[in-house]
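Trainee: The structure that follows is given in the form of structure tokens.
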Amino acid sequence: MIAKRLNRRSFLRNAAAAATAPSLACPAIAQGQARVVVVGGGFGGASAARALRRLNAKVAITLVESNRTFTACPFSNGVIAGLRDLKEQQFGYDAAAKDSINVVFASATGIDAQARSVILSTGERLGYDRLVLSPGIDILWNALPGYDEAAAEVMPHAWKAGEQTALLRRQLEAMEDGGTVIISAPANPFRCPPGPYERASLIAHYLKVRKPRSKLIVLDAKDQFSKQRLFQDAWAKLYPNLEWVALSSGGKVIAVDAAAKTLTTDFGRHKGDVVNIIPPQSAGRIATTAGVADRTGWCAIDPVTFESKPVPNIHVLGDACIAGAMPKSAFSANAQAKACAAAIVRLLAGEPVVKPKLINTCYSLVAPDYGITVAGVYQPAAGVLAEVKGSGGVSPLQAPAAYRAQEALFADGWFRTITAEVFG
Ligand SMILES: Cc1cc2nc3c(=O)[nH]c(=O)nc-3n(C[C@H](O)[C@H](O)[C@H](O)COP(=O)(O)OP(=O)(O)OC[C@H]3O[C@@H](n4cnc5c(N)ncnc54)[C@H](O)[C@@H]3O)c2cc1C
């Protein structure tokens, strides 16, 4: 156990902020007076709360989360394709509580930045010295005309894991062989850039195995997407029934009719038997309420501390923040959380914060035994998180099956490791 903790600590030091050792000099922390509230117990928030605790035993940490059970999005495309159970995506907060983190199951409904307090759905108020927001995303209902909450019950988004994931799975199972599945992918920026294409791949795999007369159409609001050559190379080999329609070929969906399961694009209409709309998104609502989201719907931050540019003492992590070149991923949220926790400890101690270096790796499964990767290293430069030149890259375009199988195993290992670190 001690060895494990030392490893985690050394990882934090190396990957997040080499010189950000916890300060014992801060009178507020030493006396146990410093209070940090974290809103959102997903990959960013739960990581931040636990990283803070590892860095400092004294600071009072409260984690506010709406749900008692967290359902993870990474690997949820496997649930949709029938490769794994939704239960394998679900995690609780016992480990955080054991770390002496005060876990409060409620929704944050307001932030009083002047008074430095968070207002909860229970009516309670929590005071803070530093507030961390990691609320993930919200769907921009009706940004795509016709796509509202009722339409999502017919044409699920499944972009927040849980009941929506299960609904899309049920619809695929109920569809007859010979049916048409449509995925509508949004314009940038959105949660998990390779996610729609991993989903398309795994649904195509399911159709190939179980419903081979069926077809899958991906209508895309973009001409380019993450790991595109790797995905398209695999699709050409594995999934002849998968058709990708780019923006320039009329892929952008401009309106939906849920009752008719019909999508309108600039070039025509498409009717599906199962329709998955991945809609436009913004930072989770509490970010707007707190005044940290800008007109883009996302939150501008200082890339060294993750402190909100417009509102001091509030830090924003994960999907909700504008992280420059860093993609919106669970891996990124976890890395940002460690850097942010290290910065907060220093800020509370009145010490200078050291520039972090952050890593992201996104694995995607094209088939159960076929994995591909994109990786990058990022650091603050000119006010944003910029990719370190020459770092990272993607899996090779030409690789033997054994290489792809090994990357699929790495993907599985990554999911087990990150969920054990954040929730275990
Ligand atoms: C299909 C799919 C596949 C993906 N695959 C991968 C992958 O392979 N690898 C990868 O790295 N990433 C992947 N992602 C992306 C990943 O899920 C997100 O980037 C990650 O969850 C972001 O973390 P977060 O902390 O910002 O948000 P979340 O993890 O969504 O956590 C937000 C939390 O905040 C809570 N919350 C929100 N508002 C409030 C409030 N007002 N009060 C209290 N609680 C609140 C929510 O209940 C939630 O628990 C995938 C996403 C999808 C949709």
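Trainee: Inside segment 151-166, can you point out the residues that are within 12 Å of the ligand (Cβ to nearest atom) and without any contact (Cβ under 8 Å) to a residue 60 or more places away in the chain?
Mentor: Going through segment 151-166, the residues within 12 Å of the ligand (Cβ to nearest atom) turn out to be 156-162, 164-165.
Listed by number, the list holds a single entry, 164.
Trainee: Working only within segment 78-116, note down all residues that are closer than 26 Å to residue 287 by Cβ and in contact with an Asp or Glu (Cβ under 8 Å, 6 or more places away or on another chain).
Mentor: 93, 103, 104, 105, 106, 116
Trainee: Just checking, which of 259, 234 is over 23 Å from the mean Cα position of the chain (by Cα) and open to solvent by less than 20 Å² (accessible area, probe 1.4 Å)? Quick ask: steps written out before the conclusion?
Mentor: Details: 259 fails: open to solvent by less than 20 Å² (accessible area, probe 1.4 Å).
Answer to the check: 234.
Trainee: Taking residue 297, is it more than 30 Å from residue 380 (Cβ to Cβ), touching a Ser or Thr at 6+ places or on another chain (Cβ under 7 Å) and in a loop (DSSP other than H, G, I, E, B)?
Mentor: Working: more than 30 Å from residue 380 (Cβ to Cβ): no; touching a Ser or Thr at 6+ places or on another chain (Cβ under 7 Å): yes; in a loop (DSSP other than H, G, I, E, B): yes.
Answer is no for this residue.
Trainee: Next question, about the same structure. Might you check whether a residue that is crowded, with 22+ Cβ neighbours inside 10 Å, within 14 Å of the ligand (Cβ to nearest atom), farther than 23 Å from residue 55 by Cβ and of a type outside the set (D, E, K, R) occurs anywhere in segment 95-116?
Mentor: Yes.
Trainee: Taking the options 5, 50, 9, name whichever one is under 19 Å from residue 332 (Cα atoms), among the charged types (D, E, K, R), out of contact with any Cys (no Cβ under 6 Å at 6 or more places or on another chain) and modelled with pLDDT under 95.
Mentor: On the way: 5 fails: under 19 Å from residue 332 (Cα atoms); 50 fails: modelled with pLDDT under 95.
So the residue among 5, 50, 9 that is under 19 Å from residue 332 (Cα atoms), among the charged types (D, E, K, R), out of contact with any Cys (no Cβ under 6 Å at 6 or more places or on another chain) and modelled with pLDDT under 95 is 9.
Trainee: Return the residue satisfying two criteria in turn: it lies in segment 341-371 and is out of contact with any Ser or Thr (no Cβ under 7 Å at 6 or more places or on another chain) and closer than 21 Å to residue 60 by Cα, and of such residues it is most open to solvent (accessible area, probe 1.4 Å).
Mentor: By that ranking, first place goes to 350.
Trainee: Of all residues in segment 269-293, which are open to solvent by 30 Å² or more (accessible area, probe 1.4 Å) and either farther than 30 Å from residue 215 by Cβ or more than 20 Å from the chain's Cα centre (by Cα) (or both)?
Mentor: Within segment 269-293, the first condition is being open to solvent by 30 Å² or more (accessible area, probe 1.4 Å), and the residues that meet it are 269-271, 273, 280, 285, 288-289, 291.
Passing the criteria: 269, 270, 271, 273, 285, 288, 289, 291.
Trainee: Consider residue 405 against the criteria (1) part of a helix (DSSP H, G or I); (2) surrounded by fewer than 19 Cβ atoms within 10 Å (Cβ to Cβ); (3) within 16 Å of the ligand (Cβ to nearest atom): it satisfies all of them except one. Which criterion is unmet?
Mentor: Answer for residue 405: the failing condition is (3).
Trainee: Also, I was wondering about something else. Based on this model, can you work out whether residue 79 counts as within 14 Å of the ligand (Cβ to nearest atom), within 21 Å of the chain's Cα centre (by Cα), closer than 21 Å to residue 162 by Cα and of a type outside the set (Asp, Glu)? Outline the logic, then answer.
Mentor: Values: within 14 Å of the ligand (Cβ to nearest atom): yes; within 21 Å of the chain's Cα centre (by Cα): yes; closer than 21 Å to residue 162 by Cα: yes; of a type outside the set (Asp, Glu): yes.
Taking the combined requirement at face value, the residue satisfies it.
Trainee: Could you pull out the residue among 133, 144 that is open to solvent by less than 30 Å² (accessible area, probe 1.4 Å) and in contact with a His (Cβ under 8 Å, 6 or more places away or on another chain)? Step through it out loud before you land on a result.
Mentor: On the way: 144 fails: in contact with a His (Cβ under 8 Å, 6 or more places away or on another chain).
So the residue among 133, 144 that is open to solvent by less than 30 Å² (accessible area, probe 1.4 Å) and in contact with a His (Cβ under 8 Å, 6 or more places away or on another chain) is 133.
Trainee: I need the full set of residues from segment 199-230 which are among the small types (Gly, Ala, Ser) and out of contact with any Asp or Glu (no Cβ under 9 Å at 6 or more places or on another chain), in order please.
Mentor: If the condition is that a residue be among the small types (Gly, Ala, Ser) and out of contact with any Asp or Glu (no Cβ under 9 Å at 6 or more places or on another chain), then 200, 201, 204, 221, 226 are the ones that fit.
Trainee: Let me ask you something else. Kindly list the number of the only condition in (1) surrounded by 20 or more Cβ atoms within 10 Å (Cβ to Cβ); (2) of a type in the set (A, V, I, L, M, F, W, C); (3) within 20 Å of the chain's Cα centre (by Cα) that fails for residue 218.
Mentor: If we test residue 218 against (1) surrounded by 20 or more Cβ atoms within 10 Å (Cβ to Cβ); (2) of a type in the set (A, V, I, L, M, F, W, C); (3) within 20 Å of the chain's Cα centre (by Cα), just (3) comes out false.
Trainee: Same structure again: Given the criterion away from the ligand (no atom under 14 Å from the Cβ), open to solvent by 20 Å² or more (accessible area, probe 1.4 Å) and out of contact with any Pro (no Cβ under 6 Å at 6 or more places or on another chain), identify the matching residue among 374, 394.
Mentor: On the way: 374 fails: away from the ligand (no atom under 14 Å from the Cβ).
After ruling out the rest, the residue left standing is 394.
Trainee: Every residue in segment 182-212 that is buried (at least 22 other Cβ atoms within 10 Å of the Cβ) and either among the hydroxyl-bearing types (Ser, Thr, Tyr) or over 20 Å from residue 75 (Cβ atoms) (or both), please.
Mentor: 182, 184, 186, 197, 201
Trainee: Moving to a separate point now. May I ask you to list pairs of residues, at least six apart or on different chains, whose Cβ atoms are under 9 Å apart, with the first in segment 124-150 being farther than 16 Å from residue 291 by Cα and of a type in the set (Lys, Arg) and the second being more than 10 Å from the ligand (Cβ to nearest atom) and part of a loop (DSSP other than H, G, I, E, B)?
Mentor: What qualifies is 125/115.
Trainee: Any idea how many residues of segment 212-234 are outside any helix (DSSP H, G or I) and touching a strand residue (DSSP E or B) at 6+ places or on another chain (Cβ under 9 Å)? Steps first, answer last, please.
Mentor: Within segment 212-234, the first condition is being outside any helix (DSSP H, G or I), and the residues that meet it are 212-227.
When the remaining residues are screened for being touching a strand residue (DSSP E or B) at 6+ places or on another chain (Cβ under 9 Å), the result is 214-222, 225-227.
Selection size over segment 212-234: 12.
The values are calculated or read from the model by the stated rules, or taken from the named source; none is laboratory data. Everything numeric here is computed off the predicted structure, so don't read it as measured data. Here Cβ is always computed from backbone atoms with ideal geometry, including for glycine, and neighbour counts include all displayed protein chains. Accessible surface areas use protein heavy atoms only, side chains included; no ligands, DNA or RNA. Shrake-Rupley method; radii C 1.70, N 1.55, O 1.52, S 1.80 Å.
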